[in-house]
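Just below is one structure, and these are the notes that go with it.
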Amino acid sequence: MRKRLSVLSVPIDVITMKETIQRVQELMNEPGLHHVVTANAEMVMLAKGNPILYSILEDASIVTPDGAGVLWAAEQNNEHLPERVTGIDVTRELFSIASKQNIPVYCLGAAPGVAKRAVENLEREVGPLQIVGIHDGFFNTDEEQSIIGDMAKAKLIFVALGVPKQEIWIKEHLSHLSGVVAVGIGGSFDVIAGNIPRAPEWMQNNRLEWLYRLYLEPKRIGRMMAIPKFMFTVLKNKR
């Protein structure tokens, strides 16, 4: 039975990593397009002011708690999310399953060459992959139609176009697919390709991964301002 709770009116699934991966495998055998969203504090704040993104989150097959802020927000209302289920970790786990079960995969997004390097690194980690297509995040209308056509051959689709562009693109362009799971993964290809190092494990475990990302990319300070705004809004609306 699916259980969800509300973080600033945005629905978040009460789900673990293990349950997420198990559910994705089930969804690949069910009709329709299945959209998996990994939601952090920044996405929650965007959804509050973006009706299209909010609707996508409401309709998504899975909305995982990606980000320490989302777990913290639930705690403020005496609710509990069991763990962070991050986009990067979901991506790695699903590629591992794809290798073991020979599941066809399509990868879209990031700068030219990044997704390809990410796949090469993943193959060294998990074994051979059945990749039906790779394209960077820059394409024209004709290329887009070709991309969508190739995606029909996949069962797992990873889209790294940034939030909320990737969620809206999945909703607008892939709704005709069936038995397919599409996951918006933000900057995960950059991390897996080795362009951006991930925070040390102790920082991940202590909910400080956002601080490490800010240290690496100070230009993100504008985006990171969503975090104090998110915290203020949560406390103001505390039940």
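The table that follows gives values for the structure above.
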| item | result |
| --- | --- |
| The chain - share of DSSP beta bridges that are antiparallel (%, nearest 5) | 15 percent |
| Placed amide H near N40: partners under 5 Å, 5+ positions off or other chain | D66 |
| Antiparallel DSSP beta bridges within the stretch 2-82, as percent of all bridges there, nearest 5 | 50 percent |
| Distance between the stretch 95-160 and the stretch 176-202 - C-alpha centres, whole angstrom | 11 Å |
| Cα gyration tensor, the chain - rounded (a/c under 1.5), prolate or oblate | prolate |
| Surface accessible to a 1.4 Å probe, per residue, for the residues of the stretch 90-204, Å² | 43 Å² |
| Cα gyration tensor category, rounded, prolate or oblate, for the stretch 70-116 with a/c compared to 1.5 | oblate |
| Heavy-atom accessible surface of the chain: percent carbon and sulfur, 1.4 Å | 52 percent |
| Scattering profile of the stretch 6-66 at q = 0.13, 0.19, 0.26, 0.30 Å⁻¹ [log10 I(q)/I(0), Debye over alpha-carbon scatterers] | -0.34, -0.68, -1.08, -1.28 |
| Estimated Rh, the stretch 9-111: Kirkwood, alpha-carbon pairs, angstrom | 14.6 Å |
| Karplus 3J(HN,Hα) series, Hz, for the stretch 134-141 with 6.51 cos²θ - 1.76 cosθ + 1.60 (x for Gly, Pro) | 9, 8, 6, x, 10, 7, 9, 4 |
| Gyration tensor verdict on the stretch 77-198 (Cα atoms; rounded if a/c is under 1.5, prolate if a/b is larger than b/c, oblate otherwise) | rounded |
| Vicinal HN-Hα couplings computed from phi for the stretch 119-126 (Karplus, 6.51 cos²θ - 1.76 cosθ + 1.60; Hz; Gly/Pro x) | 5, 4, 5, 5, 5, 5, 7, 10 |
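The values are calculated or read from the model by the stated rules, or taken from the named source; none is laboratory data. Quantities reported herein were computed from a predicted structural model and do not represent experimental measurements. Heavy atoms of the whole protein, side chains included, go into the accessibility calculation; ligands, DNA and RNA do not. Shrake-Rupley method; radii C 1.70, N 1.55, O 1.52, S 1.80 Å.
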